[in-house]
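Since the structure comes first, as structure tokens, the remarks are kept for the end.
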Amino acid sequence: MFHVKPEISKIFKSYYKILKNINVLLSKNKTNELDFWFLELAKTAAIISKNRLDYLYQLKKLYYLIR
């Protein structure tokens, strides 16, 4: 997926930073800030999922062209 859309690597990096922030908040028991970070996590996960689906769709089209 990174070869088709190199900009997606920024999204993956952001996703892992968000996960790290969530883990820090959980370890410090600061649950009042989690809502914001869970929303950000959901947004980036949706972008990643959409890009994965788009990539699979392109592979599927290519497969049927070759057959």
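The values are calculated or read from the model by the stated rules, or taken from the named source; none is laboratory data. None of these values were measured; they are calculated from a predicted model. Cβ coordinates were reconstructed from backbone atoms using ideal geometry, including for glycine residues, and neighbour counts include every protein chain displayed.
Table: residues versus (1) modelled with pLDDT under 90; (2) surrounded by 14 or more Cβ atoms within 10 Å (Cβ to Cβ).
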site	(1), (2)
ILE18	no, yes
LYS28	no, no
LEU34	no, yes
GLU40	no, yes
TYR55	yes, yes
LEU62	yes, no
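Starting from the range 38-60, take each residue that is within 15 Å of GLU7 (Cα to Cα) and list its partners that are at pLDDT below 95 and loosely packed, with under 13 Cβ neighbours inside 10 Å, counting only C-beta distances under 9 angstrom and pairs at least six apart or across chains.
If the second residue must be at pLDDT below 95 and loosely packed, with under 13 Cβ neighbours inside 10 Å, the pairs left are ASN51/VAL4; ASN51/LYS5; ASP54/VAL4; ASP54/LYS5; TYR55/VAL4; TYR55/LYS5.
Kindly establish whether GLU7 is surrounded by 12 or more Cβ atoms within 10 Å (Cβ to Cβ), among the acidic types (Asp, Glu) and out of contact with any strand residue (DSSP E or B) (no Cβ under 9 Å at 6 or more places or on another chain).
Answer is no for this residue.
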